[in-house]
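Everything below concerns the one structure shown next.
Nothing in this text is a laboratory measurement; each read-out follows from the coordinates by a stated rule. Model, not experiment: these values are computed from the prediction. All Cβ positions, glycine included, derive from the backbone under ideal geometry; neighbour counts span all protein chains shown.
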Amino acid sequence: MFKFWGSQEEQVRPPQDVITQSWYPPSVSSSRPGTPGSTSSRPQSPSHVSPSEAAGIISALKDKSVDELRKLLSDKDAYNQFLLSLDQIKIQNNLRDELREETLQLASENMEKEPRIMELRNQCRIIRTTELAAAEEKLNELDRKKKEILNHCSPASLIRRLQERMKETEEESDNLHRQLLDREIDLGSFTHKYKKLRMDYLRRALIQLSATTT
């Protein structure tokens, strides 16, 4: 029997039925392992109790009398009350309560944010259907203008416009020469205008030659 129930001189030996009585609560006594004197097999169930936890349980039981121990075995309420008084159970219950409170708090906060989330979702939908569509249209317009400017300033486009101006200058020179033959312009005016036209033509011709050979 347990030595911590009292000194050897004052130790009280319990009745024989206490030795063979179940140490499990009534709800699980039917499935407990057999007693040392039992001839039935004793399946070994894995233990999940650490040494420190077992020492705490023994410390809580060692000062109890035989009657108190017998009551724990026979009275389910007493057993549950003793179980809830253990520090390990208190710690687990406190941790469970804290986790429950935190979960409820998070759920409450999420529920409070639900209207704001719906409002933001509606705003995003409005932006997609109105402001975003207008912004995309504006962006496409700017992109189109950018391509036009790039095409207008490309080397091929510049050379083409230069050739067009050279052709126009050549036509103006021919017209001026015809006016001189038809005596529609005097020689002094013809010389001044014709010289300017030819200089413009030659300048553009040199620019074209430089652009095509670079």
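With assigned to a helix (DSSP H, G or I) and surrounded by 14 or more Cβ atoms within 10 Å (Cβ to Cβ) as the only criterion, which of LYS193, LYS167 stands out?
Values: LYS167 fails: surrounded by 14 or more Cβ atoms within 10 Å (Cβ to Cβ).
Result: LYS193 is the single residue among LYS193, LYS167 that is assigned to a helix (DSSP H, G or I) and surrounded by 14 or more Cβ atoms within 10 Å (Cβ to Cβ).
Give me the pairs, please: first residue somewhere in the stretch 174-185 and within 16 Å of LEU197 (Cα to Cα), second residue anywhere and of a type in the set (Phe, Trp, Tyr), beta-carbon distance under 7 Å, and either six or more positions apart or on two chains.
As it stands, the answer is LEU176/PHE190; LEU176/TYR194; LEU180/PHE190, since those pairs meet every condition given.
Can you pull out the residues in the stretch 176-190 that are surrounded by 12 or more Cβ atoms within 10 Å (Cβ to Cβ) and assigned to a helix (DSSP H, G or I)?
Scanning the stretch 176-190 gives LEU176, HIS177, GLN179, LEU180, SER189, PHE190.
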